[in-house]
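Each reported figure results from applying straightforward, stated rules to the coordinates on display, with no laboratory input. Keep in mind that this is a model prediction, so the values were computed, not measured. Please note: Cβ atoms are built from the backbone with ideal geometry, for glycine as well, and neighbour counts cover all protein chains shown.
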Amino acid sequence: MFIGHYAVAFAAKRAVPAVSLGTLFLAAQLIDGLWPLFLLLGLEHVEIAPGDTAFTPLRFVDYPITHSLLMCAVWAVLLGAAYYLVRRYRAGAMMVGALVMSHWVLDFVTHRPDLPLYPGGRAYAGLGLWNSVPATLAIEGAMFVGGLSLYLAATRARDRTGVVALWGLVLVLLAAYLGAAFGPPAPSPQAVAWSGLLGWLTVLWGYWIDRHRTALHAPAPSA
């Protein structure tokens, strides 16, 4: 799942309009943002294996620190608690934690059974949506359109930047998604890790967008 994670972040803005889109992106993509760091440290591992699933050439060998169910819950609690300590906004903190957990749920749908339930365990989960390219594109595409539509209904642009920045991000996300789906495999796991770190830029982009759009029913300033 890639644009599906952004879809739930976009959609969440309608429920917690006081939370910045950048924060929502951070929560929804935290697991994939940390994963490249652990790859580069040699604590988690991925292989380039075209055909492992129909949709992606990546074989996720082990990633218990970032992608196990237990550790995902830990990351969710940590980020949600950190948000609450800074902003004192209970609904926002709960949404932040829920978005972190949503990452594992969506990965559970797409991945083959390679998601560990806890570090060191031998039980793995995954429904394997990635075994079908058409089904993956249809489901994730529908999610993205739905999430973006909810975001558009919940906000309006304050200026031209609020329009250009948003649609620029949408185009970048779609280009990256289609490139990963239909482009050549990455040359090495290290290349996967370094390119994965670029995902942090979308968090900053989200904060930029939020500064130029107004939430229609925000009870407090964005955070």
Output the relative contact order of the chain, whole-number percent, from Cα pairs under 8 angstrom with separation of 6+ residues. 34
In the range 124-223, the trypsin sites (Lys or Arg not before Pro) that sit in a DSSP loop and have at most 16 other Cβ atoms within 10 Å of their own Cβ are R158
Given (1) 16.7, 46; (2) 18.0, 57; (3) 17.1, 52 as possible values of Rg and Dmax of the Cα atoms in Å, the one from the coordinates is (3)
Among beta bridges assigned by DSSP with both residues in the range 3-215, the antiparallel ones amount in percent, to the nearest 5, to 100
Residues H217, H45, sorted so that the one with the fewest Cβ neighbours within 10 Å comes first: H217, H45
Report the one residue of A157, Q190, P134 whose Cα lies farthest in the direction of the positive end of the charge dipole of the chain (charges on C-beta: Lys and Arg +1, Asp and Glu -1; origin at the Cα centre). A157
